[in-house]
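Any read-out appearing in this document is the output of simple, stated calculations on the displayed coordinates, not a laboratory observation. No experiment lies behind these values; they were computed from the predicted model shown. Counting neighbours? That spans all protein chains shown, and the Cβs are built from the backbone with ideal geometry, glycine included.
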């Protein structure tokens, strides 16, 4: 069993919310439903894919719902985001969403529930996901060019993704958000076109700096398209007005109003500067992998094995205490942009986005 992190600090709180030693409170839970994916994005995994986890190592639906319930009812979690791999590959997704949205926080509020998906299959399931209680979707999309899409993902599926976005919008899963990674010499010339297209369709675009979470040794800091470069490119086509720090809160994306907000005042764009402008000081996230490992940071090197604790017969109160203990040990920052940074052993598909 992964060693549960322990700390002997006298002021460590073992009741209440998920607080770390730096005073941050985790209210946003990212739950990876599977490490499997139906794309092979070049920055995420090798062309042949990865060795998937055996089913016996993955949390069952009941185990997952139990842990989410502990997080919401006992630990102060107010947002639940289902991720992968690709979450639409999880057969019990609609049930997981329905069970999650039926939960209530200590003050009687249902958790906001969303998914991050590559969009494949969303066209056929958006209405059902909305009926189950899903609030909104984030769809990963790096290009509007079909040939480029096939090159980046190693699959010719762009029309299916675009159909999924339209279906999500029709189903009321708004705001429909799009996550885009720009890669130097690959799609970094599309920033303006992507934003114009997103604004025209009413989607909310978020650019994300490429992070070292793909195949080992595949990330090159000098080849990453930075937030500053993204903004400089966008300003060649749009007038951007930065939102205030107070408006941002704990959100990872810094946002800008586009061309005065447009006719309905909702036009905006976000940039997640995970590497050049990390938001660790306001981070409110905690992660649960599909095999039941608790990670207090996307780039953590230690995990707490909740799957083994659940299957050993541990009660909810003790599981909650193990969760609080793991959260207390969270580092101050991930350190991607430092010389001493070490990439996590797990790839993004196994951690969850």
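To one decimal place, what Kirkwood hydrodynamic radius in Å is obtained for the range 113-159 from all pairs of distinct Cα atoms? Over the range 113-159, the inverse of the mean reciprocal pair distance is 11.7 Å.
With the Cα gyration tensor of the range 133-192 giving a ≥ b ≥ c as the square roots of its eigenvalues, does the rule (a/c under 1.5 for rounded; else a/b larger than b/c for prolate; else oblate) give rounded, prolate or oblate? Taking the square roots of the gyration eigenvalues as a ≥ b ≥ c, the range 133-192 is prolate.
Note: relative contact order over the range 126-181, using C-alpha pairs below 8 Å and six or more positions apart, is 53 percent.
Projecting the alpha carbon convex hull of the range 150-306 along each direction and taking the average yields 11.4 nm². For the residues 324, 285, 235, a GNM of the chain with alpha-carbon springs under 10 Å puts the largest fluctuation on 235. Projected over all directions and averaged, the alpha-carbon convex hull of the range 56-122 occupies 4.6 nm².
For the range 56-182, the extents of the C-alpha atoms along the principal axes are 49, 35, 26 Å, listed from largest to smallest.
Measuring nothing but how far apart in sequence close Cα pairs (under 8 Å, 6+ apart) lie, relative to its length, the chain scores a relative contact order of 24 percent.
Cα centroids of the range 33-109 and the range 166-193: 22 Å apart.
Ranked from largest, the principal axis spans of the Cα set of the range 113-238 equal 45, 36, 28 Å.
Among 229, 63, 308, the largest mean-square fluctuation in a Gaussian network model of the chain, built with springs joining Cα atoms closer than 10 Å, belongs to 229. Modelled this way, with points 7 Å down the Cα-to-C-beta line, the labels at residue 242 and residue 22 are 2.1 nm from one another. Once both labels are positioned 7 Å from their Cα atoms along Cα-to-Cβ, the gap between residue 104 and residue 73 label points is 1.2 nm. Helix 316-328 and the longest principal axis of the Cα set of the chain meet at an angle near 60°.
Hey, in the GNM for the chain with a 10 angstrom Cα cutoff, which one of 187, 138, 118 fluctuates hardest? Highest fluctuation among the options: 187.
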